[in-house]
Amino acid sequence: MKNLTGGDLMIYRADLHMHSTASDGQYTPARLVGMARERGLEALALTDHDTMDGLEEAIRAGERLGVRVIPGIELSAREYPTFHILGYGFVPGAPALAELCRRMKANRDERTERLLAFLKEKGIELTAEEVGSLAGGAIIGRPHFARAMVCRGYVADNREAFDRYLDTEEYHRRVERGKPPVRECMEAVKASGGRVSLAHPYQIGIGDEELDRLTAELARDGLDAIECDYPKYTPEQRAFYTHLAEKYHLRRTGGSDFHGEKVKPEVELTALELELGWLLGEETE
Ligand code: AMP
Ligand code: ZN
Ligand code: FE
Ligand code: FE
């Protein structure tokens, strides 16, 4: 197949959004790659929250199993409560992104202290050790707190943990971690040789007009793509994000945001048909 510039289109069965035990996912990076292969995926990106720790293992597993593994990361930016950008195709361990990840981890560790104290006020006694051992890796996320609360019988399930404690107005006002501005997130990915996509725009929680303005600004500042495929989108959302991608000359990415059924029971790895020549540097002129 040829694209508009006459080069070959690189269409892959791919899932470009998933989390491993390096952040708040259930499965190790190698296991994820194995599961992806079983599902017939040809390419995937591991996009753990604020860390590159799982990438080496995933890349090695990909080489072993014949799955193309694209380095990825999902970064939380400060401008909105849930504002995530996806970095792809950077050099794992590159200094600019490594430095940003160090700051992200420090912000998370400070939040862990605040969150333990916040929950204690509410009669929920957890220790840093138990949450840390549930987390396993360096990144402690709210889903680890939710799991600890379920294990200790404070709440019935993940949903109750978030609804009552971990995603309330009071949580966001008093506890939430410090985050870098979106421009710093984008610059760190770009300085590390990568490309940037806007993740699940509906989670930003703004209207279509404001999202249009935001996309225009981000595109001007170097945004490369929008996540146009995501299992939770309505057909209208999918169409609108695709429209924005066209309007601002952005590429399209897509992924499941798979965390494992224990973390997000309703989400599975997904084989999407995605054009990845722009990301894999294989577009012929
Ligand atoms: P963190 O980055 O540690 O603050 O946690 C973010 C993670 O928490 C993401 O994986 C989200 O999917 C999950 N999360 C955030 N809000 C909710 C919610 N209301 N219900 C369930 N999971 C949530
Ligand atoms: Zn997550
Ligand atoms: Fe996200
Ligand atoms: Fe995610």
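The values are calculated or read from the model by the stated rules, or taken from the named source; none is laboratory data. Owing to the predicted nature of the structure, the values given are computational and were not obtained by experimental measurement. All Cβ positions, even for glycine, are placed from backbone atoms using ideal geometry, and neighbour counts span all protein chains on display. All accessible areas refer to the heavy atoms of the entire protein, side chains included, with ligands and DNA or RNA removed. Shrake-Rupley method; radii C 1.70, N 1.55, O 1.52, S 1.80 Å.
With runs of 4+ DSSP H residues as the only contributors, calculate the mean residue ellipticity of the chain at 222 nm using -39,500 (n - 2.57) per run, divided by the residue total and rounded to the nearest 500. Before the final figure, lay out each step's value.
Details: 11 runs with 116 residues, N = 285.
Per the formula, -12000 deg cm²/dmol.
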- Query: Roughly to the nearest percent, how much of the accessible area of the chain is carbon and sulfur, given a 1.4 Å probe?
  - Reply: 49 percent
- Task: Run the numbers on the chain and let me know its relative contact order in percent, using alpha-carbon pairs under 8 Å that are six or more apart.
- Result: 26 percent
- Note on the structure: For the chain, the longest principal axis of the Cα atoms and the Cα long axis of helix 95-121 enclose an angle in degrees, to the nearest 10, of 30 degrees
- Of the residues Pro181, His243, Gly141, the Cα lying farthest along the dipole of the chain towards its positive end, which is defined by charges on the beta carbon of Lys, Arg, Asp and Glu, belongs to Gly141
- Item | Convex hull volume of region 11-81 per residue (C-alpha atoms, cubic angstrom) | 89 Å³
- Message: Rounded to whole Å, give me the distance from the Cα center of region 100-115 to that of region 119-137.
- Response: 15 Å
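For the chain, what is the accessible area per residue in Å² when the probe is 1.4 Å?
Details: 12870 Å² over 285 residues.
Per-residue value: 45 Å².
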- Query: So how strong a dipole does the chain carry about its Cα centre when Lys and Arg Cβ are +1 and Asp and Glu Cβ are -1, to the nearest 20 debye?
  - Reply: 500 debye
- Message: Take Glu42 and Glu261, extend 7 Å from each Cα along the Cα→Cβ direction, and tell me the distance between the two endpoints in nm.
- Response: 2.9 nm
- Can you give the angle from 0 to 90° between the axis of helix 235-247 and the longest principal axis of the chain, with both taken from C-alpha atoms, to the nearest 10? 50 degrees
- Task: Tell me the Kirkwood hydrodynamic radius of the chain in angstroms, computed as one over the mean inverse distance between distinct C-alpha pairs.
- Result: 19.4 Å
- Note on the structure: Computed over the chain: longest principal axis from alpha-carbon atoms vs helix 55-65 long axis, angle to nearest 10 degrees, is 50 degrees
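Antiparallel versus total DSSP beta bridges in the chain: what percent is that, nearest 5? Mind dumping the intermediate values first?
Values: 14 of 28 bridges.
Of all bridge pairs located within the chain, approximately 50 percent are antiparallel.
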- Task: For region 79-186, report the translational diffusion coefficient in µm²/s to the nearest whole number, using Stokes-Einstein at 10 °C, 1.306 mPa s, and a Kirkwood Rh over Cα pairs.
- Result: 105 µm²/s
- Quick one: P(r) of region 10-165 from all Cα-Cα pairs, 10 Å bins, percents rounded to integers, in order of increasing distance. 11, 36, 32, 18, 3, 0
- Query: Roughly what % antiparallel, to the nearest 5, for the DSSP beta bridges in region 31-153?
  - Reply: 50 percent
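With +1 on each Lys and Arg Cβ and -1 on each Asp and Glu Cβ, how big is the dipole of region 188-285 about its Cα centre, in debye rounded to the nearest 20? Numbers along the way, then the final one.
Values: 11 positive and 20 negative charges, 54 e Å.
It comes to approximately 260 debye.
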- Query: Taking Lys264 as the anchor, which aspartates and glutamates have their alpha carbon closer than 16 Å to its alpha carbon, excluding any fewer than eight residues away along the same chain?
  - Reply: Asp24, Asp48, Asp157, Glu160, Asp163, Asp167
